[in-house]
Amino acid sequence: MTPRKGAPTSPYPPDPAEDAVPVTGLDGLVDAAVVDADWANRQARGAVARRAELRRCRLTGAELAEAALTDVTFEDCRLDLAGLRIAKLERVVFRDCRMAECDLYEASLTDVLFERCELREATLTGVKIKRVELRGCDLTGLHGAEAMRGTRMPWNDVLENGPLFATALGLEIVD
């Protein structure tokens, strides 16, 4: 299937070995599928994950600054208060995730999809984006909306977040 023009490329799925050792931490996730892990407040600065799927995992307050996430899918995960400052995300999907106050300051996002995620009060200041799409996300109080230049969004989402974008542009709204 050919992706829509400008749409993010989907992650490659994991290919776990039949004798794979159970996953115990965030760093070194390669060809892994993880369900229901509780990694809240874990320190994993510079973590590397490739071809991984995380479902219903709790990463509240996890520190993933300078992480390299490639071909990773987060589904129904909690990443509220998670730190992804200066992280590099490539072919990553966040679907139905709670990401309130998530810190993506100066992160590099390539081929990233945020679908039905709560990004209330999240920080995107200085983020570098290439083929990023947001669909059905709550962006209330988002910091750094000006860094979203080039992001793909459905028209209804653009209209819903009009005040946020107007503020980021410094528009004065009059009656």
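The values are calculated or read from the model by the stated rules, or taken from the named source; none is laboratory data. These figures come from a predicted structure and were not determined experimentally. Every residue, glycine among them, receives a Cβ derived from its backbone with ideal geometry; neighbour counts consider all protein chains shown. In case anyone asks, the SASA skips ligands and DNA or RNA and just uses the protein heavy atoms, side chains included. Shrake-Rupley method; radii C 1.70, N 1.55, O 1.52, S 1.80 Å.
Taking the criterion of being aromatic (F, W, Y) and surrounded by 15 or more Cβ atoms within 10 Å (Cβ to Cβ), the only residue of the stretch 137-169 that qualifies is F165. Can you say whether T60 is more than 20 Å from Y105 (Cα to Cα) and among the polar types (S, T, N, Q), as far as the supplied structure shows? For T60, the condition - more than 20 Å from Y105 (Cα to Cα) and among the polar types (S, T, N, Q) - is not met.
Here are some residues: L104, L134. Which one is under 24 Å from A44 (Cβ atoms), crowded, with 16+ Cβ neighbours inside 10 Å and under 11 Å from the mean Cα position of the chain (by Cα)?
Values: L134 fails: under 24 Å from A44 (Cβ atoms).
One residue alone meets the criteria, L104.
Do you know which residues across the stretch 49-68 are in a strand (DSSP E or B) and farther than 20 Å from A20 by Cα? Please lay out each step first, then the result.
Residues of the stretch 49-68 in a strand (DSSP E or B): 49-55, 58, 63, 68.
Within the stretch 49-68, R58, E63, A68 qualify.
Answer with yes or no whether G46 is exposed (fewer than 14 other Cβ atoms within 10 Å of the Cβ), in contact with an Asp or Glu (Cβ under 8 Å, 6 or more places away or on another chain) and part of a loop (DSSP other than H, G, I, E, B). Step through it out loud before you land on a result.
Working: exposed (fewer than 14 other Cβ atoms within 10 Å of the Cβ): yes; in contact with an Asp or Glu (Cβ under 8 Å, 6 or more places away or on another chain): yes; part of a loop (DSSP other than H, G, I, E, B): yes.
Yes: the conditions hold for G46.
The number of residues in the stretch 118-175 that are in a loop (DSSP other than H, G, I, E, B), within 23 Å of E75 (Cβ to Cβ) and of a type outside the set (S, T, N, Q) comes to 12. Residue count for the stretch 64-88 under the criterion of being of a type in the set (A, V, I, L, M) and open to solvent by 50 Å² or more (accessible area, probe 1.4 Å): the result is 2.
Scanning the stretch 132-175 for residues that are at pLDDT 95 or above and of a type in the set (K, R) yields a count of 2.
Answer yes or no as to whether R91 is at pLDDT 95 or above, open to solvent by less than 70 Å² (accessible area, probe 1.4 Å) and part of a strand (DSSP E or B). It is true that R91 is at pLDDT 95 or above, open to solvent by less than 70 Å² (accessible area, probe 1.4 Å) and part of a strand (DSSP E or B). Counting only residues that are in contact with a strand residue (DSSP E or B) (Cβ under 6 Å, 6 or more places away or on another chain), polar (S, T, N, Q) and closer than 17 Å to V93 by Cα, the stretch 1-58 holds 1 of them.
Summed over the stretch 107-117, residues that are open to solvent by 20 Å² or more (accessible area, probe 1.4 Å) and either in a strand (DSSP E or B) or touching a residue at least 24 places away in the same chain (Cβ under 8 Å) (or both) total 4.
Please specify each residue of the stretch 122-157 satisfying the condition of being among the charged types (D, E, K, R), touching a Leu at 6+ places or on another chain (Cβ under 8 Å) and within 19 Å of L169 (Cβ to Cβ). Listed by number, the residues that qualify are E146, R152, D157. Taking the stretch 21-42 as the range and being in contact with an Asp or Glu (Cβ under 8 Å, 6 or more places away or on another chain) and open to solvent by less than 60 Å² (accessible area, probe 1.4 Å) as the test, the residues that pass are D31, A32, V34.
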